[in-house]
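Below is one structure, written out as structure tokens; the observations come after it.
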Amino acid sequence: MRRREQGDTIIEVVVAFAIFSAVALATMMIINNGVAITQRNLEITLVREQVDAQAELLRYIKETNNPIWQTLISPGRLTASPVSLSDSCRDALSSGGYYVKPAISSNLTTTPTTFTLSNFFAKPATYAKIDYSTGATQSQRIWIQGTRAQQKSGAPAAYDFYIHACWDSVGVSVPMTAGTIVRIYE
């Protein structure tokens, strides 16, 4: 006597394959979205470090009475209306932007004492940065604008330095921005 073997029908196989494909596609979309979010968060962290480095250089220049400080606060270098941090993807050169470039020696343990202000900008390949290991020869969309701070009568003179960063990131249609304002008192 022959036994009849039973198996899945073609419809059952097609439905199972469709369900598997939908689950696999949804999983891939979730993973891609997670990777893109992780990438943007990493970029933001790295850019914040770069912005903080420029802020610390400004503070260091002021605290050590470096001669470049007088250049930073000169009327020709200060701007009356800096670009707002929310609109920081405006062209750095047209907004009077610059960045602080330390003189980097071959001995990286030596604290720099010479600084220059540079306005050589390039579009970043990944995120906004200044590559100090190559002598900070260019800024990849990080720039500073200085302005005299609004002050109350009797208050010491102060200067606000707007530090901007702008770059294109993975998975977003508008450029990413970051920035801060550093107030330095005389």
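Taken along the Cα-to-beta-carbon direction at a fixed 7 Å, the label points for N65 and S118 span 2.9 nm. Largest mean-square fluctuation among A24, A53, A125, in a Gaussian network model of the chain whose springs join Cα atoms under 10 Å apart, belongs to A24. All C-alpha to C-alpha distances of segment 115-168, sorted into 5 Å bins beginning at zero, yield P(r) values of 4, 18, 20, 19, 12, 10, 7, 6, 3, 0 percent in whole numbers. Rolling a 1.4 Å probe over the protein heavy atoms of the chain, with every protein chain left in place, gives an accessible area that is 57 percent carbon and sulfur.
Could you identify which residue out of Y132, Y98, Y162 has the top mean-square fluctuation in a GNM of the chain using Cα springs shorter than 10 Å? Among Y132, Y98, Y162, the largest GNM mean-square fluctuation belongs to Y132. If R0 is 30 Å, the Cβ-Cβ spacing of I73 and A103 corresponds to a FRET efficiency of close to 0.90.
The count of lysine pairs in the chain with alpha-carbon distances below 29 Å, taking only pairs 8 or more places apart or on different chains, stands at 5.
Which of V51, V170, V15 moves the most in a Gaussian network model of the chain with Cα springs under 10 Å? Greatest mean-square fluctuation among the candidates belongs to V15.
Based on protein heavy atoms only, the chain ends up with 64 Å² per residue of surface accessible to a 1.4 Å probe.
If the chain linking I19 and S153 were pulled fully straight, counting 0.36 nm for each residue of separation and taking away their Cα-Cα distance, it would gain 41.1 nm. When nucleic acids and ligands are ignored and a 1.4 Å probe is applied, E186 ends up with an accessible area of around 100 Å². Taking the longest Cα principal axis of the chain as reference, the axis of helix 10-63 is set at about 10 degrees.
If you work out Cα extents along the principal axes in Å from the coordinates, which of [x] 107, 43, 28; [y] 69, 49, 29; [z] 41, 37, 37 do you get? Checked against the structure: label [x].
The values are calculated or read from the model by the stated rules, or taken from the named source; none is laboratory data. In this text, all values refer to a predicted model and were calculated from it rather than measured experimentally. Please note: Cβ atoms are built from the backbone with ideal geometry, for glycine as well, and neighbour counts cover all protein chains shown. Calculation scope for accessible area: heavy atoms of the full protein, side chains included, ligands and nucleic acids excluded. Shrake-Rupley method; radii C 1.70, N 1.55, O 1.52, S 1.80 Å.
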